Amino acid sequence: MKTFLYSLLLIIFVLSACEDEVLIGTDTPINPERNEATIGAEGGTLSIKTETTFWLRYIYEYEDGVEKQSIFNELEGEEEPLHFRKVMTGDWYQVEEREKEVYFEIAPNETGKERAIKVEIQSGNAFDRITVTQTAD
């Protein structure tokens with residue numbers, strides 16, 4: 001009987017500790033409130049809410065519609081469970097994974113060209129992309 005009670009308490013503890021973790025190996029829909037946004041050449045911040053937790057996976061950079069580079073989110077250290085960077089930074093943007101929110105900081109655009117980032121987010125086996133376009137002027 002003691003073994004059963006200890007096992008039950010352990011299961012409850014593990015489940016409550018994992019409540020806010022990113023779900024790995026599931027098909028949990030992320031469902032961002034929108035998949036596209038535009039920000040002016042002056043730059044600024046933008047927040048897009050999601051229905052579940054997620055992690056940043058890739059960022060693709062574009063200038064005048066041409067892909068310039070992509071960045072893959074690498075693991076931080078060797079900890080278990082796996083931990084990805086919560087912030088990814090490029091020359092003109094910073095993208096942050098917050099609790100059920102993708103947060104963008106975009107620098108002023110002085111290139112004279114439209115530019116964009118496509119951010120791929122993942123929760124378990126579910127993926128979504130959010131594209132943020134910045135106007136040229």
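Computed values, structure above
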| quantity | calculated |
| --- | --- |
| Overall form of the range 23-134 per C-alpha gyration tensor (a/c, 1.5; a/b vs b/c) | prolate |
| Residue order, fewest to most beta carbons within 10 Å, for Asp128, Asp137 | Asp137, Asp128 |
| Ranked Val95, Val66, criterion: other C-beta atoms within 10 Å, fewest first | Val66, Val95 |
| Potential lengthening between Trp55 and Glu67 on full extension [0.36 nm per residue; Cα-Cα distance subtracted] | 2.1 nm |
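Taken together, the values in this text are just the output of simple stated rules run on the coordinates, not laboratory data. These figures come from a predicted structure and were not determined experimentally. Positions of Cβ are backbone-derived with ideal geometry, glycine not excepted, and every protein chain shown enters the neighbour counts.
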